[in-house]
Amino acid sequence: MQRELVERRRWVSSEDYLEGLALAQLAPGPMAAQLAIYLGYLRAGIPGASLVGLAFVGPSFLMVFVIAAAYVRFGGLPWMQPAFHGIGAAVIAIIARSASKLARMVLRNDRILWSVFGILAASTAITGRESVFLFVLAAAITYILKAMPRLDARRACAFLPWLGVGAVAPNNAWKLLLFFSKAGAFVFGSGLAIVPFLYGGVVEQYHWLTERQFLDAVAVAMITPGPVVITSGFIGYLVAGPWGAMAAAIGVFVPVYLVVIFVSPFFARIAKNPQARAPLEGLTAAATGAIAGAVYVLGRHAIHDWSTAIIAVVTLLIIFCWKVPEPLIVGAAGLMGAVLYR
């Protein structure tokens with residue numbers, strides 16, 4: 001987007017682009033989709049934001065829709081299972097790398113954010129699900145600690161253990177729409193942040209999919225171009241057919257769209273307000289911690305023998321050492337998995 005829209009076409013100024021990037025990092029919704037819709041809004045107002053949103057999501061949704069239809073029609077694509085044997089392990093390695101990169105970018109040397117990250121990572125790993133309550137609590141605690149300097153810091157830090165308490169607190173198309181709308185409202189930064197949230201709801205709470213089907217859904221989202229959260233369309237199709245796919249995809253992107261439409265006119269002022277930024281930083285740290293916890297939760301099921309362990313380790317080494325496109329890595333892992341599966 002920067003190369004095409006800022007440098008080559010000059011449709012957007014560098015200042016506007018950086019402002020959009022800041023909004024994408026701070027507001028709920030996958031970062032790439034937020035930024036694209038924001039730039040569409042700058043260029044042509046609400047019609048521009050609407051058309052960019054459709055163009056950004058449409059192609060990958062159609063691909064996922066077709067794959068999901070084949071998956072259901074042929075009983076889970078058993079002929080592709082050897083490939084998914086390797087793809088699942090590679091996806092875990094990619095998520096682990098993303099969690100590491102996000103943590104360094106978002107948390108920096110901020111001890112408060114690292115504390116929120118650690119607690120969310122542990123709670124997600126232990127319980128196997130995300131808690132909306134913990135996200136709200138993370139935002140409140142970060143606001144208290146960072147935006148209310150007159151409050152004694154040591155006294156305010158007493159709030160942090162309540163995140164741990166919240167971790168164990170008890171927690172077909174219309175249902176999918178509501179569930180994915182809630183999910184879309186709590187994705188901060190990377191689209192991968194939605195993975196642990198979806199796992200907790202789709203597998204653990206509602207039992208819509210098995211763990212194998214869920215890993216396949218994430219793998220399909222990694223293979224196809226477009227945002228990772230398009231996995232919602234695959235999950236929706238498996239649960240309730242074509243209507244479910246549309247309901248899930250609409251649900252997950254509606255919060256993104258609405259945030260851009262309503263926040264964009266006032267964002268310049270919001271971005272400079274430390275009291276507004278503090279709770280958003282807490283939410284971002286919480287989402288990053290949840291991604292880290294999801295690596296453990298999903299890794300237990302994807303890495304289950306020596307061959308998947310080898311694929312995961314090799315993938316990690318490659319993505320830490322070189323910049324290789326993710327679809328290429330996932331495709332190579334699929335071939336490797338097919339060979340080792342035999």
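The numbers here are math on the coordinates, done by the rules we state, and not lab data. Note that the structure is predicted; figures quoted are calculated from it, not measured. Cβ: placed from backbone, ideal geometry, glycine included. Neighbour counts: every protein chain shown.
The string of couplings for the range 299-306 from the Karplus curve (6.51, -1.76, 1.60, θ = phi - 60°) is x, 4, 9, 8, 10, 10, 8, 5 Hz, one whole number per residue in order, with x for Gly and Pro. As a proxy for reagent exposure, Arg8, Arg300 were ordered by neighbouring Cβ count within 10 angstrom, fewest first; the result is Arg8, Arg300. Normalised by residue number, the volume inside the convex hull of the Cα atoms of the range 40-80 is 57 Å³ per residue. At a Förster distance of 35 Å, what's the computed FRET efficiency of Trp322 paired with Val66, Cβ-Cβ distance as r, to 0.05? After rounding, the FRET efficiency stands at 0.65. Using the Cβ-Cβ distance between Leu335 and Phe133 with R0 set to 51 Å, the FRET efficiency from 1/(1 + (r/R0)^6) comes to roughly 0.75. Applying 1/(1 + (r/R0)^6) with R0 = 30 Å to the Cβ-Cβ distance of His304 and Tyr206 gives a FRET efficiency near 0.80.
Oblate is the label for the range 1-125. Its Cα gyration tensor axes, ordered a ≥ b ≥ c, give a/c of at least 1.5 and b/c at or above a/b.
Ordering Ile46, Ile144, Met63 by the projection of their Cα atoms onto the charge dipole of the chain, which places +1 on the Cβ of Lys and Arg and -1 on the Cβ of Asp and Glu, puts Ile144 at the extreme positive end. One compactness figure for the chain is 0.98, namely its Cα radius of gyration divided by 2.2 N^0.38 Å.
Which length gain, in nm to one decimal place, applies between Trp114 and Glu4 when the Cα-Cα distance is subtracted from 0.36 nm times their residue separation?
Numbers: separation 110, 0.36 × 110 = 39.60 nm, distance 3.51 nm.
Gain in length upon complete extension: 36.1 nm.
Work out the charge dipole of the chain with +1 on the Cβ of Lys and Arg and -1 on the Cβ of Asp and Glu about the Cα centre, then indicate which of His304, Leu316, Thr231 is farthest towards its positive end. Ranked along the dipole, the leading option is Leu316.
Backbone geometry of the range 31-43 corresponds, through the Karplus equation with coefficients 6.51, -1.76 and 1.60 at θ = phi - 60°, to 3J(HN,Hα) couplings of 4, 5, 5, 4, 5, 4, 5, 5, 5, x, 5, 4, 6 Hz, x marking Gly and Pro. Dipole size in debye (nearest 20) for the chain around its Cα centre, Lys and Arg Cβ +1, Asp and Glu Cβ -1? That gives a dipole near 520 debye.
For the range 233-241, backbone phi angles converted through the Karplus equation (6.51, -1.76, 1.60; θ = phi - 60°) give residue-by-residue couplings of x, 5, 4, x, 5, 5, 7, 9, x Hz, Gly and Pro being listed as x. Label-to-label distance, Phe262 versus Lys182, with points set 7 angstrom from Cα along the beta-carbon direction: 1.9 nm. Protection proxy ranking, highest mean first, for peptides 287-294, 208-215, 112-119: 287-294, 112-119, 208-215, where packing is the per-residue count of other beta-carbon atoms within 10 Å, averaged.
The value given for the range 245-342 is a Kirkwood hydrodynamic radius of 17.5 Å, derived from the mean inverse Cα-Cα separation.
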